[in-house]
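Below you'll find the structure, written out as structure tokens, and then a few comments.
The values are calculated or read from the model by the stated rules, or taken from the named source; none is laboratory data. Model, not experiment: these values are computed from the prediction. All Cβ positions, glycine included, derive from the backbone under ideal geometry; neighbour counts span all protein chains shown. The area values use the complete protein model at the heavy-atom level, side chains included, leaving out ligands, DNA and RNA. Shrake-Rupley method; radii C 1.70, N 1.55, O 1.52, S 1.80 Å.
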Amino acid sequence: MKKIVLITGATSGIGLACARKFAKHNYCLILTGRRQKKLDSISRELSKKHKVEVQSLCFDIRNKAEVATAIDNLEEEQKQIDILINNAGLAVGFNPVQSGNTDDWERMIDTNIKGLLYISRKILPLMIARKKGHIINIGSIAGKEVYRNGNVYCATKHAVDALTKAMRIDTVQYGIKVTQIAPGAVETEFSIVRFKGDGDKAAGVYKGYEPLHPENVAEVVYFATTLPTHVNINDLVIMPMAQANATTFVKK
Ligand code: NDP
Ligand code: 8X3
């Protein structure tokens, strides 16, 4: 029986590493993101290397209509999604609240909270109808703690933390699993986006210690999906060895 995983934000970082991990384990993939060219090259790479079916869906997760159309247009067979990995997300800007950029706030709120809700709202009824499915929400240490200048990003990840608990409560009676994986620092395009293309600033975030690699997170995501039917990981925090909490690092 073939298994289907839908991964949002699969064009880079954690989402891409998850796509590679699940392809290796023969899952059919549905990959989303806004960069069509990246989706095309990743689809080619994975279908060739692992002989798996890959469907790419190019849309902006902030756009409710685009999300709905993308899911509605899937073939009936592709709608039998076993795992949804809610990964698409970003931090943008790094200012105190009093001088924050309200456009940045909206991008984060619309992507990290509303986008996650829009796609979950489309996929959950399909899972509930089959009494089967697993939602993995990629949270963050920023959803457990708040740090200087993290304000709105931290708030959006606290919302992911709350929504994970809420989804678990609302869907437990239907046999749906819900898991939050909350990483500390992972070296991806994340900091380049946060610092609006400033590569030096972004590189500085990961200097002097070994951050998590996206593959480390993908490994744990995959592990969470392979447990016996009666076992669910509700919440898991994964950190680099050198990072104790949001702000405590041992750096060389
Ligand atoms: P990347 O920037 O490498 O990847 C982000 C992904 O999200 C991209 O594939 C991007 O695709 C997608 N995305 C962003 N905005 C949208 C949008 N509006 N519509 C559709 N897709 C979108 O960062 P990470 O891999 O690090 O981030 C993945 C998740 O992990 C995020 O939720 C982030 O908050 C979380 N996280 C990251 C940590 C880190 O230290 N890196 C730590 C803890 C959590 P595209 O640009 O093609 O649209
Ligand atoms: C990303 C990790 O610590 O920059 O969610 O918020 S952090």
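Some observations on this one:
- DSSP beta bridges in the chain [antiparallel fraction, %, rounded to 5]: 5 percent
- Aspartates and glutamates whose Cα lies under 14 Å from that of LYS131, excluding same-chain neighbours fewer than 8 positions away: ASP82, ASP170
- Within-14-Å neighbourhood charge of GLU75 [Cβ basis; K, R +1; D, E -1]: -2
- Ordering MET239, ALA23, GLY150 by Cα displacement along the dipole of the chain toward the positive end leaves ALA23 in first place; charges were set at the Cβ atoms of Lys, Arg (+1) and Asp, Glu (-1).
- Normalising the average separation of contacting C-alpha pairs (under 8 angstrom, six or more residues apart) by the number of residues puts the relative contact order of region 4-238 at 20 percent.
- Cβ-defined net charge surrounding PHE94, 12 Å radius [Lys, Arg +1; Asp, Glu -1]: +2
- Pairs from LYS24/LYS252; LYS165/LYS196; LYS48/LYS196; LYS49/LYS201; LYS24/LYS177 whose Cα-Cα separation, in the structure shown, is over 27 Å: LYS24/LYS252; LYS165/LYS196; LYS48/LYS196; LYS49/LYS201
- Heavy-atom surface analysis with a 1.4 Å probe gives region 104-252 a carbon and sulfur content of 59 percent of its accessible area.
- Using the Cβ-Cβ distance between SER47 and ALA68 with R0 set to 22 Å, the FRET efficiency from 1/(1 + (r/R0)^6) comes to roughly 0.25.
- Alpha carbon centroid spacing (whole Å) that separates region 1-25 from region 143-188: 19 Å
- The phi-based Karplus calculation (6.51 cos²θ - 1.76 cosθ + 1.60; θ = phi - 60°) puts the 3J(HN,Hα) values of region 118-130 at 4, 6, 5, 4, 7, 7, 4, x, 5, 5, 4, 4, 8 Hz, whole numbers, x for Gly and Pro.
- Counting only protein heavy atoms and a 1.4 Å probe, region 4-238 has 46 square angstrom of accessible area per residue.
- Neighbours of ALA246 by Cβ distance under 15 Å: Lys/Arg scored +1, Asp/Glu scored -1, total +3.
- Most fluctuating residue given options ASP161, ASP170, ASP40, as computed from a GNM of the chain linking Cα atoms under 10 Å: ASP170
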